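Engineer: Please read through the structure below; I'll follow up with questions.
The values are calculated or read from the model by the stated rules, or taken from the named source; none is laboratory data. Predicted, not measured: the structure shown is a model, and the values here were computed from it. Please note: Cβ atoms are built from the backbone with ideal geometry, for glycine as well, and neighbour counts cover all protein chains shown. Calculation scope for accessible area: heavy atoms of the full protein, side chains included, ligands and nucleic acids excluded. Shrake-Rupley method; radii C 1.70, N 1.55, O 1.52, S 1.80 Å.
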Amino acid sequence: MKKFYLLILSAIVFGDAFSQTCSSLGCAGNYGTINVDGTLSDVSGSTLGAGCINSATYKQVFWQFFYSPAGGVFTQAYTPVPNGVDALDLDYIVFDIGTVAPSAIPCPVDPTAWPDIICNNAGTDDVATGPGVAGAGGNVLTTTAGHYYAIAVTSWQGTSNGGVAAYFFTIGNPQLGGVDLTPANCPGVLPVTLSSFKAAVNNCNVDLSWEASESNFKNYEVQTSTDGLQFQSIGTISGSQQAGSQKKYTYQYIKPRQGTSYYRLKMLDADGKAQFSKIISAQLACGRNSFIIYPNPVTDFLNVSIDNARNNITLASLFDTNGKLMYSGKMAAGTNMIDMMKFSRGVYWLRLKNNLETKNIKVIK
């Protein structure tokens with residue numbers, strides 16, 4: 001079984017050496033689904049200390065941080081995504097950083113100076129847990145006004161994934177006192193505060209837009225996914241060189257796949273620290289073709305109506321039941337005709353193909 005340990009803005013005092021393969025997510029937020037890098041398997045000799053986390057090698061650590069200006073109960077859910085092979089166990093530790101904001105959180109994070117206030121390592125495979133989550137060892141996290149807190153997510157496994165990111169979990173929406181966290185709850189771990197991130201469909205393209213305030217910031221890496229789990233980069237936008245006021249950005253994704261696609265931003269500062277935005281989605285159906293064939297059965301001319309949003313040229317091929325090609329021609333959007341009078345009665349198959357799709361239609365004369 002492979003095991004993840006989820007740690008929340010917390011710190012432990014360690015008697016032995018601390019080492020880790022880590023990612024700094026930055027300000028606590030709803031990060032949606034996170035995959036574990038399958039190439040980081042079998043990291044030997046890495047322990048996160050005794051007591052809070054079982055003394056075992058682990059694979060990867062994910063950290064998030066937040067600020068509690070007025071105190072209150074912090075809640076956030078951590079949910080395994082079952083893969084049908086091994087169960088996933090999520091645990092977490094909460095550390096109180098104190099009243100001084102962390103100016104930088106490079107990986108690996110050293111939490112040795114932070115006292116741990118919640119230590120959760122309940123073994124509950126494939127069950128959601130987290131501060132305020134009922135069951136699965138969910139603890140009540142009551143924060144102190146003016147204090148900063150830290151989150152680390154660790155994954156442990158006994159065998160190698162063989163380079164495959166086969167395990168996933170979700171980090172849900174964080175709240176303080178029942179209210180969603182805002183940029184005011186960010187401790188300045190990454191010098192960018194993202195205030196909005198939106199997607200809109202425009203003429204079969206996806207227009208992404210966001211607003212942020214920055215300082216000492218490098219760039220945004222725009223990423224997309226077909227399943228909301230595994231993302232790939234589709235473009236990079238440089239950050240503004242002027243610190244302070246809100247900056248507006250746009251990115252147009254040309255010819256995305258049809259159906260639902262997911263998007264997020266990987267935000268990188270000048271010092272190499274990275275943070276991910278929330279995941280948003282867009283639904284596309286505009287690029288599909290609508291083929292209407294009439295009359296069918298046909299006696300003289302077969303009308304082929306093509307509603308093609310991208311004006312792709314469609315290749316039409318007509319075959320008899322023996323697979324013999326009887327007609328071939330190029331068709332554009334609109335109504336096209338095939339002269340069927342020269343063909344004998346029987347059953348034919350009309351194949352319509354362009355760079356979006358292929359459709360086979362039975363034609364009777």
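Engineer: Considering only the stretch 82-102, state which residues are exposed (fewer than 15 other Cβ atoms within 10 Å of the Cβ) and either assigned to a strand (DSSP E or B) or of a type in the set (Gly, Ala, Ser) (or both).
Structural biologist: Hits for the stretch 82-102 are GLY84, ALA101.
Engineer: Which residue pairs have Cβ atoms closer than 9 Å, lie 6 or more positions apart in sequence or on different chains, and pair a first residue in the stretch 194-205 that is within 14 Å of GLY259 (Cα to Cα) with a second residue that is among the charged types (D, E, K, R) and open to solvent by 50 Å² or more (accessible area, probe 1.4 Å)?
Structural biologist: Partner pairs satisfying both residue conditions: CYS204/LYS255; CYS204/ARG310; ASN205/LYS255.
Engineer: Still on this structure, please answer the following. Please determine whether any residue of the stretch 111-124 is in a loop (DSSP other than H, G, I, E, B), aliphatic (A, V, I, L, M), under 15 Å from TYR67 (Cβ atoms) and at pLDDT below 75.
Structural biologist: No, the stretch 111-124 contains no residue that is in a loop (DSSP other than H, G, I, E, B), aliphatic (A, V, I, L, M), under 15 Å from TYR67 (Cβ atoms) and at pLDDT below 75.
Engineer: Taking the residues in the stretch 112-134 that are over 24 Å from the mean Cα position of the chain (by Cα) and more than 16 Å from VAL94 (Cβ to Cβ) as candidates, determine which candidate is least open to solvent (accessible area, probe 1.4 Å).
Structural biologist: THR124
Engineer: Out of the residues in the stretch 263-276 that are more than 13 Å from the chain's Cα centre (by Cα) and in a strand (DSSP E or B), which is modelled with the highest pLDDT?
Structural biologist: If we take residues in the stretch 263-276 being more than 13 Å from the chain's Cα centre (by Cα) and in a strand (DSSP E or B), then MET267 is modelled with the highest pLDDT.
Engineer: Shifting gears a bit: Given the residues THR39, THR33, THR57, which is the only one that is at pLDDT below 70 and within 20 Å of the chain's Cα centre (by Cα)?
Structural biologist: THR39
Engineer: Something else about it: Looking only at the stretch 335-365, filter to residues that are among the basic types (Lys, Arg) and not in a strand (DSSP E or B); which one of those is farthest from THR314 (Cα to Cα)?
Structural biologist: ARG345
Engineer: Moving to a separate point now. Considering (1) in a loop (DSSP other than H, G, I, E, B); (2) modelled with pLDDT under 85, say which one ALA70 fails and leave the rest.
Structural biologist: (2)
For (1) modelled with pLDDT under 90; (2) open to solvent by 30 Å² or more (accessible area, probe 1.4 Å); (3) more than 22 Å from GLY32 (Cα to Cα), each residue gets a yes or a no:
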{"residue": "ASN216", "(1), (2), (3)": "yes, yes, yes"}
{"residue": "LEU229", "(1), (2), (3)": "yes, yes, no"}
{"residue": "ILE234", "(1), (2), (3)": "no, yes, no"}
{"residue": "GLY239", "(1), (2), (3)": "yes, no, yes"}
{"residue": "GLY244", "(1), (2), (3)": "yes, yes, yes"}
{"residue": "LYS255", "(1), (2), (3)": "yes, yes, yes"}
{"residue": "GLN258", "(1), (2), (3)": "yes, yes, no"}
{"residue": "SER261", "(1), (2), (3)": "yes, no, no"}
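Engineer: Checking the condition in contact with a helix residue (DSSP H, G or I) (Cβ under 9 Å, 6 or more places away or on another chain) and either farther than 16 Å from CYS27 by Cβ or modelled with pLDDT of 90 or more (or both), which residue from GLY135, GLY178, GLY162, GLY130 passes?
Structural biologist: GLY162
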